[in-house]
Protein chains: 4
Amino acid sequence: MNDLRKIVADLHAELVRYNLVVWTAGNVSGRVPGEDLFVIKPSGVSYDELTPENMVVCDLDGNLVEGEHSPSSDTAAHAYVYRNMPDVGGVVHTHSTYASAWAARGEAIPCVLTAMADEFGGEIPVGPFALIGDDSIGQGIVQTLKGHRSKAVLMQNHGVFSIGKDAKAAVKAAVMCEDVARTVHVARQLGDPLPIAQDDIDRLYDRYQNVYGQRSPR
Amino acid sequence: MNDLRKIVADLHAELVRYNLVVWTAGNVSGRVPGEDLFVIKPSGVSYDELTPENMVVCDLDGNLVEGEHSPSSDTAAHAYVYRNMPDVGGVVHTHSTYASAWAARGEAIPCVLTAMADEFGGEIPVGPFALIGDDSIGQGIVQTLKGHRSKAVLMQNHGVFSIGKDAKAAVKAAVMCEDVARTVHVARQLGDPLPIAQDDIDRLYDRYQNVYGQRSPR
Amino acid sequence: MNDLRKIVADLHAELVRYNLVVWTAGNVSGRVPGEDLFVIKPSGVSYDELTPENMVVCDLDGNLVEGEHSPSSDTAAHAYVYRNMPDVGGVVHTHSTYASAWAARGEAIPCVLTAMADEFGGEIPVGPFALIGDDSIGQGIVQTLKGHRSKAVLMQNHGVFSIGKDAKAAVKAAVMCEDVARTVHVARQLGDPLPIAQDDIDRLYDRYQNVYGQRSPR
Amino acid sequence: MNDLRKIVADLHAELVRYNLVVWTAGNVSGRVPGEDLFVIKPSGVSYDELTPENMVVCDLDGNLVEGEHSPSSDTAAHAYVYRNMPDVGGVVHTHSTYASAWAARGEAIPCVLTAMADEFGGEIPVGPFALIGDDSIGQGIVQTLKGHRSKAVLMQNHGVFSIGKDAKAAVKAAVMCEDVARTVHVARQLGDPLPIAQDDIDRLYDRYQNVYGQRSPR
């Protein structure tokens, strides 16, 4: 648990490094392996002040289990995802600029970059407009991402939620989401990006998910 | 007073961190609790050289009360706000890029992001064109923001003034103003952002002002 | 001389800080008070490696007088400005993105921001297309800026040259030039910025040149 | 070899400094002088963790010769370039935003900046769409760049490959490619950049390749 607190606390620095967040917006959580718990950012605490110690632990209904601070105001959405997507081990939320701009128009990001085919396997989809305060946001995330290759969803007029097998993978998806949101935006400003054939997207996605990086040999 | 000098001096680093200012432009001030005084940045001093000691103290007519440097050239505007808005404890001024671009067109930023509904409760309004040198800028700020939910105003052809219950809250409003100015700009570059219903804006604003962060229990 | 070497070397860090330069592009020079000499960046040396010691000294014909490295490849342009504008004590050259984009279109930046009226007193003008290798660039700078309020010129298809009473003032003009180039660009992307009346521009310029900052009392 | 390991490891910091890469994307390689080997980034290792020791060495068929990690997933493309372009001593690959946006539209970057004439001698060309996994990408790079002045190619829907006499020169080309891709993009957003005459491009290219920087005397 202490390890996971440190991992989750440290991963917030990646949101800062890649300019995905301002002030106290944005949050990372990670599921505690083998338990119905997750570690998440405290609410309204600045990124400079995050430590393993002030991370908070919640159960899968979003109730505070451990910690002196209130959990992130987005905790209900994280909890809903963990309850309903058992393979998800990490969740990230940001209002990163370019992704949120696509979300403000309610427009999916088309897959016109090989890096996007690699990571997301196709377009990054839009989820419904949903108010904070109950399970609406969580439901919107799960409905959109369940059975979808994409690990990120653009919640309409809101921002990005991304998921992964662990917190680090979810952060990577959040970083890549903003990166491709920006590049495709810039491409579209001066004309129409060329499409990538579905077959090629499928091949790229399959290869990247199974071969890339320092993974176990096959 | 020494505490406030340090708080105000340190908050200028947030303007630098979020790229809201270049060179010596921009300034933060904070009202001295219980006195008709405020602490403000000295004029023409670089951000690297700001210390608690070189902050200056002015009365609510903008006269220098304490300090070896001249007060910021925007002091008259800050003073006018403190004189006329007794609940305001902090004022910030920047020429941040995206907000100033909306200001150059004299165009309010429409509320198409939930984060904007949270923080500003609706659009960020435009104030009049006003010359520096008398109370015109201060009057423009107060006329625009008095009775308005928004804590930031886009002064036409000029830049942003933001207010808050204290200097930190005013800095947060300046940071969030640029963040939403940029995201809505980017959204608009490729089409029309989807509107958010007024009812939903009201609910988001009410919740955020009363629930978010590590506030007193309720 | 050693002081000026240090000042000029250190000022290059401002070009880096404000993202006005990449790799070894860009340069700052400063006139040696009371002598027909100026200190300038060595050619092709990275910004990390600049020291007071490796700055080079040239005469007003651009000949190397002191230094182990070759002077900047833009030395002839700096020298021409010093020869022909005796009040100029500093010159800066950059390819900063937004200013160079206006330069690529051969389009002056219109004065639609009060900060631009303050610093430049009106539009930032375009200078002619000129090849490096003789006095063409220097002539283009001097012809454009002599008798003009602006301390910066957008050399067509090339970049920015800025001048000032000393090297620091020229760096400030380069920083402000990119800042207003970017803000006006962003404003123009979504419509037409509102004009500022010439009378108001004149008043702002006069006030800023005579009152702003920690200057001598008047 | 140890020197080259350090050079290649350190050069990755330039990709980070100039924001050409996110997460583990992007890679630099350098040919081992006098041997049919090159040093390249390991696959899926973060930029913070790169050291001379974890760089890997491959032969010109892309087979791992030395190193505990797998070589970059782009190794086959690097190897193909070294096999087929004997004068190339360094190769760099990035998905830098603006260059990749031109690549997504399959559009060459026109030469409308003197800095672009200097470094690239004309437009930056587009290479074919090619899938990772065999020699397709390498062939696309070589077919496009062989006999072309440009040291960078925009691989369609993918990103940039740049080459140079050594790894540092290839990194410089990658940095300059993104810089001009961004400036020309920004210029194009508000109209048509002015063309530079072919004669002038030729003169600039010739001069820059032969005179600039702290080169050997002539």
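The values are calculated or read from the model by the stated rules, or taken from the named source; none is laboratory data. As the structure is a computational prediction, the values presented were derived from the model and not from experiment. Glycine gets a Cβ as well: all are built from the backbone with ideal geometry, and neighbour counts include every protein chain shown.
Here is a check on your reading of the model: is B:Asn19 over 22 Å from C:Val186 (Cα atoms), among the polar types (S, T, N, Q) and not in a helix (DSSP H, G or I)? Against the criterion (over 22 Å from C:Val186 (Cα atoms), among the polar types (S, T, N, Q) and not in a helix (DSSP H, G or I)), B:Asn19 does not qualify.
Per-residue answers, yes or no, for (1) within 23 Å of D:Val22 (Cα to Cα); (2) of a type in the set (Asp, Glu):
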| residue | (1), (2) |
| --- | --- |
| A:Glu123 | yes, yes |
| A:Ile137 | no, no |
| A:Ala170 | yes, no |
| A:Arg203 | yes, no |
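The set of residues in the range C:141-171 that are of a type in the set (Lys, Arg) and more than 16 Å from C:Arg83 (Cα to Cα) comprises C:Arg149, C:Lys151, C:Lys168. From the set of residues in the range A:52-74 that are in contact (Cβ under 8 Å) with a residue 40 or more places away in the chain and within 28 Å of B:Val180 (Cα to Cα), which is surrounded by the most Cβ atoms within 10 Å (Cβ to Cβ)? Filtering the range A:52-74 for residues that are in contact (Cβ under 8 Å) with a residue 40 or more places away in the chain and within 28 Å of B:Val180 (Cα to Cα), the one surrounded by the most Cβ atoms within 10 Å (Cβ to Cβ) comes out as A:Met55. Evaluation of B:Tyr205 against the conditions (1) aromatic (Phe, Trp, Tyr); (2) more than 20 Å from B:Ile40 (Cα to Cα); (3) outside any helix (DSSP H, G or I) shows that the sole unmet condition is (3). Answer yes if at least one residue in the range C:131-139 is under 27 Å from D:Ile201 (Cβ atoms), among the β-branched types (Val, Ile, Thr) and touching a strand residue (DSSP E or B) at 6+ places or on another chain (Cβ under 6 Å), and no otherwise. No, there is no match, as no residue in the range C:131-139 is under 27 Å from D:Ile201 (Cβ atoms), among the β-branched types (Val, Ile, Thr) and touching a strand residue (DSSP E or B) at 6+ places or on another chain (Cβ under 6 Å). Determine whether the range D:80-94 contains at least one residue that is without any contact (Cβ under 8 Å) to a residue 60 or more places away in the chain and under 30 Å from A:Asp192 (Cα atoms). No: the range D:80-94 contains no residue that is without any contact (Cβ under 8 Å) to a residue 60 or more places away in the chain and under 30 Å from A:Asp192 (Cα atoms). Please find, within the range C:96-139, the residue that is surrounded by the most Cβ atoms within 10 Å (Cβ to Cβ) out of those that are among the hydroxyl-bearing types (Ser, Thr, Tyr) and in contact with an Asp or Glu (Cβ under 7 Å, 6 or more places away or on another chain). Among those that are among the hydroxyl-bearing types (Ser, Thr, Tyr) and in contact with an Asp or Glu (Cβ under 7 Å, 6 or more places away or on another chain), it is C:Ser96.
Within the range B:3-39, the only residue that satisfies the criterion of being within 14 Å of chain C (Cβ to nearest Cβ), touching a Lys or Arg at 6+ places or on another chain (Cβ under 8 Å) and farther than 18 Å from B:Ala173 by Cβ is B:Trp23. Residues that are within 11 Å of chain D (Cβ to nearest Cβ) and modelled with pLDDT of 95 or more number at least 1 in the following helices (runs of 4 or more DSSP H) confined to the range C:80-195: C:97-105, C:136-145, C:167-189. For the range A:22-51: of the residues being of a type in the set (A, V, I, L, M) and part of a strand (DSSP E or B), which is surrounded by the fewest Cβ atoms within 10 Å (Cβ to Cβ)? Looking at the filtered set, the residue picked out is A:Leu37. Inside the range A:144-196, can you point out the residues that are out of contact with any Asp or Glu (no Cβ under 9 Å at 6 or more places or on another chain) and without any contact (Cβ under 8 Å) to a residue 40 or more places away in the chain? A:Thr144, A:Gly147, A:His148, A:Val153, A:Val186, A:Arg188, A:Gln189, A:Asp192 - these are the residues of the range A:144-196 that are out of contact with any Asp or Glu (no Cβ under 9 Å at 6 or more places or on another chain) and without any contact (Cβ under 8 Å) to a residue 40 or more places away in the chain.
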